[in-house]
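Take a look at the structure below.
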Amino acid sequence: MDSMPVTIKNAKNGKGCFASKEFLPGQIVYQVRGKLIDTDTIHSLSGSFADNCFRFDKRSYVSPTGEVGDYQNHSCAPNSKILKNLDGLFVCALKRINNDDEITIDYSTIVADDDVIDWTIPYEMICNCGESNCRRIIGNFSSLPKELKDRYLEANAVPVYIQKVPRI
């Protein structure tokens, strides 16, 4: 049996997921596991709990509490993406990830306009990734610059239910 593909250890922003081996573009790094929670329930819970959940589809979220996904950090220059298929949500390499690299995603690729996670004024999530292209504020997918949205769409880095949800 393979060893764990990621380890949890100290990162720039608290704890983070780090590669325990090399991953090539397109390879699955790990499956986001946790309890499936409907939008009504998660809306009533809100706060940091809701902020840590992953959108699973139009009506539900995955709570990774106590699982690897609980430590998934954001970067404005991510090396991985969220991929959804019939089996669940997966973190997949966008580019080569070397052993011991922190595994990051762009949170904006998993937050839609109708999301119960509200990172709009005055509740913006402040970014502290330290990348040269840091946007300083993390918003929903539609808040991204057009060029960046197009690049993410080209890389299949945005689940369909995030791309096509109209603002309510």
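Derivation of every value follows stated rules applied to the coordinates shown; laboratory data play no part. Given the structure is predicted, the values throughout are model-derived calculations rather than measurements.
Ignoring aspartates and glutamates fewer than eight residues from Lys21 along the same chain, the ones with Cα atoms less than 12 angstrom from its Cα are Asp2, Asp100, Asp101, Glu102.
For the chain, the extents of the C-alpha atoms along the principal axes are 44, 34, 30 Å, listed from largest to smallest.
Between Leu148, Leu24, Leu86, the residue with the greatest mean-square fluctuation in the GNM of the chain (Cα pairs under 10 Å linked by springs) is Leu86. Taking the helices alone, the chain has a mean residue ellipticity at 222 nm of -3500 deg cm²/dmol, built from -39,500 (n - 2.57) per DSSP H run of at least 4 residues and averaged over all its residues.
Among Ala11, Ala93, Ala112, the residue with the largest mean-square fluctuation in a Gaussian network model of the chain, with springs joining Cα atoms closer than 10 Å, is Ala11.
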